[in-house]
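For reference, the structure discussed in these notes is given below.
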Amino acid sequence: MKIVSLISKLEKEYSHNYYMYIPLTIILQSCLGSIAAMYILYQGTTWVAGLELTICTVLCMGYNAAILAQANRTFGFWLLMTSLLLNSLLIMINLVV
């Protein structure tokens, strides 16, 4: 229940200050995505690394495209959360391997 409340507050904050968060979130998720790509490529050029790199790239480019296309704010928020979560997960996976 607390997580749902926290996510709801974050989504309201994101929607309320949308234009302030646009440059901040683009920089944040692009930097996180490039770090994830770096650690993925440290593992070599296997098909698994290619799949991970594709996921990382699609998420980062998808969020940037959604912002540029002026997509729905709720859609942008959830795309940002997905991008941050999965890129963080990719970083952790590739740090362990």
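A quick yes/no check of all residues on (1) within 23 Å of Ile40 (Cβ to Cβ); (2) touching a helix residue (DSSP H, G or I) at 6+ places or on another chain (Cβ under 8 Å):
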| site | (1), (2) |
| --- | --- |
| Glu52 | yes, yes |
| Leu59 | yes, yes |
| Asn64 | yes, yes |
| Leu68 | no, no |
| Phe77 | no, yes |
| Leu80 | yes, yes |
| Asn87 | yes, yes |
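Please specify each residue of the range 42-57 satisfying the condition of being surrounded by 14 or more Cβ atoms within 10 Å (Cβ to Cβ) and either within 28 Å of Tyr21 (Cα to Cα) or touching a residue at least 24 places away in the same chain (Cβ under 8 Å) (or both).
Listed by number, the residues that qualify are Gln43, Glu52, Leu53, Ile55, Cys56, Thr57.
Test Leu85 against the stated conditions and say whether it is more than 15 Å from Pro23 (Cα to Cα), in a helix (DSSP H, G or I) and either of a type in the set (S, T, N, Q) or free of Cβ contacts under 8 Å to residues at least 40 places away in the same chain (or both).
When the stated conditions are applied, Leu85 passes them.
Kindly list the number of the only condition in (1) within 16 Å of the chain's Cα centre (by Cα); (2) at pLDDT below 95 that fails for Leu90.
(2)
Given the options Leu6, Leu32, Leu10, name the one that is modelled with pLDDT of 95 or more and more than 13 Å from Asn94 (Cα to Cα).
Being modelled with pLDDT of 95 or more and more than 13 Å from Asn94 (Cα to Cα) holds for just one of Leu6, Leu32, Leu10, which is Leu32.
Read through the list (1) closer than 11 Å to Asn87 by Cβ; (2) in contact (Cβ under 8 Å) with a residue 40 or more places away in the chain, then give the number of the only condition that Ala37 fails.
(2)
Condition first: exposed (fewer than 13 other Cβ atoms within 10 Å of the Cβ) and either at positive phi or not in a loop (DSSP other than H, G, I, E, B) (or both). Now tell me which residues in the range 14-33 satisfy that.
If the condition is that a residue be exposed (fewer than 13 other Cβ atoms within 10 Å of the Cβ) and either at positive phi or not in a loop (DSSP other than H, G, I, E, B) (or both), then His16, Tyr19, Met20, Pro23, Leu24, Ile27, Cys31 are the ones that fit.
If a residue must be polar (S, T, N, Q), surrounded by fewer than 13 Cβ atoms within 10 Å (Cβ to Cβ) and part of a helix (DSSP H, G or I), how many such residues does the range 58-82 contain?
So the answer is 1.
Please go through (1) assigned to a helix (DSSP H, G or I); (2) surrounded by fewer than 17 Cβ atoms within 10 Å (Cβ to Cβ); (3) free of Cβ contacts under 8 Å to residues at least 60 places away in the same chain for Glu11 and return the number of the only condition it doesn't satisfy.
(3)
The values are calculated or read from the model by the stated rules, or taken from the named source; none is laboratory data. Bear in mind the structure is a predicted one, so any value in this text is a computation, not a measurement. When we count neighbours, we look across all protein chains shown, and the Cβ atoms used for this are built from the backbone with ideal geometry, even at glycine.
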